[in-house]
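Presented below is the structure to which this report refers.
The values are calculated or read from the model by the stated rules, or taken from the named source; none is laboratory data. All values reported here derive from a predicted model rather than from experimental measurement. Methodologically, a virtual Cβ is constructed for each residue, glycine included, from the backbone with ideal geometry; neighbour enumeration extends over all protein chains shown.
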Amino acid sequence: MTSNKLVRILFTIIGVIMPIFIGLLHTYAHFTDLIKPEVQSHLQQEIMVTGQTQIMWNTWGVMSVMMGISFIVIGLLNISIIRNTNKNSQFPTLPIFAMIFYLSAVIYVGLTFNADMQLYGGIAGMMLTIVCLITNLKS
């Protein structure tokens, strides 16, 4: 297998399959479990956001839906990058660095909010992305 092909396979996994899968899973969980009245009632407390009083449910709900959809959009945009890159030329490094930045945020969230799945998923994704970057730079 050529290094260009390996880079494309790794980037497809970390840049397309995983973000779309996580986004679909997150959006599914939001619209099946997290919108239940019990959850909404727990989040009726008011908080200040950008100087305005908001019900926690409204703020959290916006972030929850947008996070899931944003992951899907990241994957779809990465499909475009893969499709528009010549298979015989070196893969562009900017999308790989963008995924490193994204996965750094995933690891940060995992550490900061005691979210084990995000932490370990981010670490696994980061290792694959670093292999992808090194392989790409050597080709």
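Data overview
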quantity: Verdict on residue 84 being surrounded by fewer than 14 Cβ atoms within 10 Å (Cβ to Cβ) and at pLDDT below 95; calculated: no
quantity: Unique residue being within 12 Å of the chain's Cα centre (by Cα) and hydroxyl-bearing (Ser, Thr, Tyr) when the list is 80, 104; calculated: 104
quantity: Residues (within 19 Å of the chain's Cα centre (by Cα) and either within 24 Å of residue 25 (Cβ to Cβ) or in contact (Cβ under 8 Å) with a residue 24 or more places away in the chain (or both)) located in segment 83-95; calculated: 93, 95
quantity: Answer from 29, 98 - the residue that is within 30 Å of residue 9 (Cα to Cα), in a helix (DSSP H, G or I) and more than 14 Å from the chain's Cα centre (by Cα); calculated: 29
quantity: Residue list for segment 40-61, restricted to those being free of Cβ contacts under 8 Å to residues at least 12 places away in the same chain and of a type in the set (Val, Ile, Thr); calculated: 49, 50, 53
quantity: Total residues in segment 32-41, condition over 21 Å from residue 109 (Cβ atoms), under 27 Å from the mean Cα position of the chain (by Cα) and surrounded by fewer than 13 Cβ atoms within 10 Å (Cβ to Cβ); calculated: 2
quantity: Matching residues, segment 101-127, being in contact with a helix residue (DSSP H, G or I) (Cβ under 9 Å, 6 or more places away or on another chain), surrounded by fewer than 18 Cβ atoms within 10 Å (Cβ to Cβ) and either under 12 Å from residue 11 (Cβ atoms) or not hydrophobic (A, V, I, L, M, F, W, C) (or both); calculated: 104, 108, 116, 120, 121
quantity: Residue pairs meeting the criteria (Cβ under 8 Å; at least 6 apart or on separate chains; first part of a helix (DSSP H, G or I), in segment 109-138; second among the hydroxyl-bearing types (Ser, Thr, Tyr) and modelled with pLDDT under 95); calculated: 135/3; 136/3; 138/3
quantity: Check on residue 89, loosely packed, with under 13 Cβ neighbours inside 10 Å and either assigned to a helix (DSSP H, G or I) or touching a Ser or Thr at 6+ places or on another chain (Cβ under 9 Å) (or both); calculated: no
